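Derivation of every value follows stated rules applied to the coordinates shown; laboratory data play no part. Remember, it's a predicted structure, so these values are computed and weren't measured experimentally. Methodologically, a virtual Cβ is constructed for each residue, glycine included, from the backbone with ideal geometry; neighbour enumeration extends over all protein chains shown.
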Protein chains: 2
Amino acid sequence: MELDAIRFARRFDTISGSAIREIFKMIAKPGMISFAGGNPALSALPDKQVAEIAQEVLAKDGKAILQYGATEGYAPLLESLKAYAQQQIGCEIPAVLPVTGSTQAMDLLCKALIDPGDRILVEDPSFLGNLQCMRLYQAELVPVESDENGLMIDKLEEAIIKYRPKLLYTIPTFQNPTGKTLAADRRKPIAELAAKYGMVVAEDDPYRDLRYSGTPLPSIKSYDKEGWVVFLGSFSKIISPGLRVGYMAGDSRILRKCTIGKQSSDVHTANLNQAIVDQYLRKNLLPGHIKAICASYQQQLKAMLGDLAGFPTGTRYTRPEGGLFIWVELPEGIDSKALLDQAVERRVAYVPGTHFFAGGGHENTLRLNFSNSTVEQIHEGMAVLKDIFEKAIK
Amino acid sequence: MELDAIRFARRFDTISGSAIREIFKMIAKPGMISFAGGNPALSALPDKQVAEIAQEVLAKDGKAILQYGATEGYAPLLESLKAYAQQQIGCEIPAVLPVTGSTQAMDLLCKALIDPGDRILVEDPSFLGNLQCMRLYQAELVPVESDENGLMIDKLEEAIIKYRPKLLYTIPTFQNPTGKTLAADRRKPIAELAAKYGMVVAEDDPYRDLRYSGTPLPSIKSYDKEGWVVFLGSFSKIISPGLRVGYMAGDSRILRKCTIGKQSSDVHTANLNQAIVDQYLRKNLLPGHIKAICASYQQQLKAMLGDLAGFPTGTRYTRPEGGLFIWVELPEGIDSKALLDQAVERRVAYVPGTHFFAGGGHENTLRLNFSNSTVEQIHEGMAVLKDIFEKAIK
């Protein structure tokens, strides 16, 4: 029998692969200015520090690092991570679980909670990588309306009552893709709604430390009395995405299910990578490193916002206080997906906004990343986009 | 609402966590002689080589290693891995996919193929970590009978006709937990049955290189004309399990689905870990390293087999030509699970055999690992077990 007769699992029926990952492959060409992806700047990746630390930890604990580890995590990291996570989240945390990038946190949380047909409330638009994850668990994604201050609490409660969701997936700080931040006075109500209705909240907060103006806000988790909120943290944006280390923090009962799920996902996150993050935390390298990154990213954000001011009349865009992304709405009728090929041909890339909506549509939107381009590249690339979009109007 | 009201996904209804992982926690005490687990000897873990390589790759390609990578794999490894895999498998391979330990390979293959209720044929007993993986995909596990030469082809075809399985999961070489090897003349028939009936075969072959006597046998994959066989390879037993690098090799259509699944499992396997394995392969360190490991493991196997000869009358055990495990059947009526506490109290650990059977039972069996103990430890630990089992008979 030929292999074409193979029947793949039904979870793939509507999945064709991450649009971002496909764009990555399309733009892997020299000279490309990429506003796609969510990559840190190469200058923000501490290769020398990591090389030194790798050397140290392998010299000191090499045999244990190369041996099998516990699914629950590398013991030294468990200690340093708990202290770090509590500081990040702003409250006592019963348990942490190191994971293979916070993408795995989302996967494990869905594994623990989601049966086919279960409802998950999502922001609209939201991070497409995790939308794909939820779809692969055959969840029904229910978009909840946001305004400029993030999720609208009345709409959220309406949706909870109507759909009885298992999970709310939210990125409260410098949201991906919009750059929006959930207002301070909406954070406690979300934790309260979760407890009122028995809904788990996945608070995905990888951009929290990348703040260039304004005041840090309390996490949703810090208002959580009953344990319904699970905080997903990442070192991808502040140390290195290539190391694939993130974490989950929350109630032990939920994390225990995720740990069992992780046993058959990858047994444990690689010890070397956990040991590197552990030492990065213990040497207290993070504050200085984040300060340096933020100083640079702030300039890049400013440059891109400046260029957007010259875009065609009717263009609207967010003005984030941090993070990696600006969200752009072009005048109605301009299809950013259709124009991507032209842009790529002229060596500039972005992600069409339609991919971030659970229900598609919104062809006039796009997501721009500013962290992975220098100020010069930003000016050059934005001039190309301005030209393409202007011509599309005429 | 209290968190106890949480409803976890149905896939966890019958899952309580890996027995081996639980035993690991129980035996993490100083002075323990562990015949549980499948850990390499600490002396077999090349910490100095890995430290040197880590230094080199971070110096040479540090920025790319710390940046996001492609889900498809780190480009240099893709090249070296393909050459290596073809040599291992003994045929041309259309595609390879580096994964986060071969445990992830099994997870991705199930993700690609298995809907709840789908049948998977398994050896009985089989590797319990992957049994748990298949159960979490809510597959129905159908045991197929083996004799001393591995899976019985007539029984296999009967089961295929009766159950129309999506997948056969087999560990053909030095099987976990039995140490048995599938006979040469049964390998081609399995590839043929897969093509005849349209069934995917997961050929899980992590122990292939750990051969202490006899002749290497062709892989099942080498007889595969249509692409139904997927080969799962691992570097855990021959370089380091803590690095979490394995691979899948096979048809591009199947690997493409697994790649899409991997996008939302962990985006990509950590680049540093892939780069380390790449250099380990390119420097051609593996042949010498395997030779050294095998020389030592052979002595450990011999010591354990020698000790087993003095076990109570009626004890039967396998005499593997390689791998990490010996399978022991005690006289009927001895319950190895009930006796484990006694053994652990006397600082010796093993895995009760019942955990490896899809349907439980077989309480008189156990799995012994010899790679993670010195010859002295083996004699000491086996004397304790002999004493415990002898007393249990009286």
Next item on the list: Please average, across the residues of A:40-49, the number of beta carbons from any other chain that are within 10 Å of each residue's own beta carbon, and give a whole number.
Entry: 4
Item checked: Student exercise, segment B:184-302 dipole from Lys, Arg, Asp, Glu Cβ charges, in Debye to nearest 20 -> 160
Check: Looking at the axis that maps chain A onto chain B, which chain A residue has the closest Cβ, and how far off is it in Å, rounded to a whole number?
Finding: A:Ala54, 2
Check: When a footprinting reagent is the concern and you count Cβ atoms within 10 Å, what order do B:Asp224, B:Asp107, A:Asp118, B:Asp341 take, fewest first?
Finding: B:Asp341, A:Asp118, B:Asp224, B:Asp107
Margin query: As an exercise, find the ratio Rg/Rh for segment A:61-105 from alpha-carbon atoms, using the Kirkwood inverse-distance average for Rh.
Written below: 1.02
Next item on the list: Evaluate peptide A:97-103: per residue, the Cβ atoms of other protein chains within 10 Å of its Cβ; return the mean as an integer.
Entry: 4
Notebook entry, point to check: Non-local amide H neighbours of A:Leu168 (under 5 Å, H modeled in plane, Pro and chain starts lacking H): which ones?
Noted result: A:Leu121, A:Val200, A:Val201, A:Ala202
Margin query: Calculate log10 I(q)/I(0) of segment B:1-76 for q = 0.13, 0.14, 0.15 Å⁻¹, where I(q) comes from the Debye formula with a single equal point scatterer on each Cα and nothing for solvent.
Written below: -0.86, -0.90, -0.92
Check: If we hang a label 7 Å off Cα along the beta carbon direction at A:Glu345, how far is it from the matching labels on the other copies, in nm, shortest first?
Finding: 8.0
Next item on the list: Mind listing the long-range amide H neighbours of B:Glu140? Cut-off is under 5 Å, sequence gap 5 or more, other chains count too, H placed in the peptide plane at 1.01 Å from N.
Entry: B:Gly117, B:Asp118, B:Arg119, B:Ile120
Next item on the list: Please tell me which of these pairs span more than 31 angstrom C-alpha to C-alpha: A:Lys196/A:Lys337; B:Lys25/B:Lys257; B:Lys180/B:Lys386; A:Lys29/A:Lys257; A:Lys257/B:Lys196; B:Lys221/B:Lys257?
Entry: A:Lys196/A:Lys337; B:Lys25/B:Lys257; A:Lys29/A:Lys257; A:Lys257/B:Lys196
Check: Taking N as the number of residues in the protein assembly as shown, what is its Cα Rg relative to 2.2 N^0.38 Å?
Finding: 0.96
Next item on the list: Using the charge dipole of the protein assembly as shown (Lys, Arg: +1 at Cβ; Asp, Glu: -1 at Cβ; taken about the Cα centre), state which of B:Ser18, B:Met199, A:Thr215 has its Cα farthest towards the positive end.
Entry: A:Thr215
Check: Where does each of B:Trp327, A:Trp228 land when they are ranked from fewest to most other beta-carbon atoms within 10 angstrom?
Finding: B:Trp327, A:Trp228
Item checked: Backbone HN-Hα couplings from phi across segment B:28-40 [Karplus 6.51/-1.76/1.60, Hz, Gly and Pro as x] -> 6, 10, x, x, 6, 9, 9, 9, 7, x, x, 6, x
Note to self: Which three numbers, in whole Å and largest first, are the semi-axes of the equivalent ellipsoid of segment A:175-317 derived from its Cα gyration tensor as √(5λ)?
What the structure shows: 30, 24, 14
Item checked: Ranking of A:Lys262, B:Lys188 by count of other Cβ atoms within 10 Å, fewest first -> B:Lys188, A:Lys262
Next item on the list: Go ahead and collect, in residue order, the members of segment B:277-300 whose backbone nitrogen is under 13 Å from a label point 7 Å along the Cα-Cβ direction of B:Ser43.
Entry: B:292-300
Notebook entry, point to check: What ³J(HN,Hα) values, in whole Hz, does the Karplus curve 6.51 cos²θ - 1.76 cosθ + 1.60 give for segment A:56-64 when θ = phi - 60°, with x put for Gly and Pro?
Noted result: 4, 5, 6, 5, 8, 9, x, 5, 5
Check: At B:Asp115 and B:Arg316, where each label point lies 7 Å from the Cα along Cα→Cβ, what is the point-to-point distance in nanometres?
Finding: 4.1
Notebook entry, point to check: For segment B:74-124, what is the charge dipole size about the Cα centre, in debye to the nearest 20, if Lys and Arg each add +1 at the Cβ and Asp and Glu each add -1 at the Cβ?
Noted result: 180
Next item on the list: Give me the distance in nm between label points sitting 7 Å out from Cα along the Cα-to-Cβ direction at B:Ile393 and B:Met1, one decimal.
Entry: 5.8
Notebook entry, point to check: Give or take rounding to whole Å, what are the principal axis extents of the alpha carbon atoms in segment A:38-136, in descending order?
Noted result: 49, 33, 30
Notebook entry, point to check: R0 = 25 Å: FRET efficiency of B:Asp13 with B:Ala338, Cβ-based, nearest 0.05?
Noted result: 0.45
Next item on the list: Work out from phi, with θ = phi - 60° and the Karplus expression 6.51 cos²θ - 1.76 cosθ + 1.60, the ³J(HN,Hα) of each residue of segment B:98-107, listed in order in whole Hz, and give x for Gly and Pro.
Entry: x, 9, 7, x, 5, 4, 5, 4, 5, 4
Next item on the list: Along Cα-to-Cβ, 7 Å out, sits the label point; list in nm, shortest first, how far the one on A:Lys155 is from those in the other copies.
Entry: 6.0
Next item on the list: Distances from B:Lys394 to the same position in the other copies: list them in nm, one decimal, shortest first, using label points 7 Å from Cα along Cα→Cβ.
Entry: 10.1
Margin query: Per residue, how big is the convex hull of segment A:167-252 when only Cα atoms are used? Give it in Å³.
Written below: 99
Item checked: Sum of -39500 (n - 2.57) over DSSP H runs of 4+, divided by residues of the protein assembly as shown (222 nm, nearest 500) -> -13000 deg cm²/dmol
Item checked: chain A: projected area of the alpha-carbon convex hull, averaged over directions, in nm² -> 20.9
Next item on the list: Using amide H atoms built 1.01 Å from N in the peptide plane, name the residues 5+ places from A:Ser234, or on other chains, whose amide H lies under 5 Å from its own.
Entry: A:Tyr247
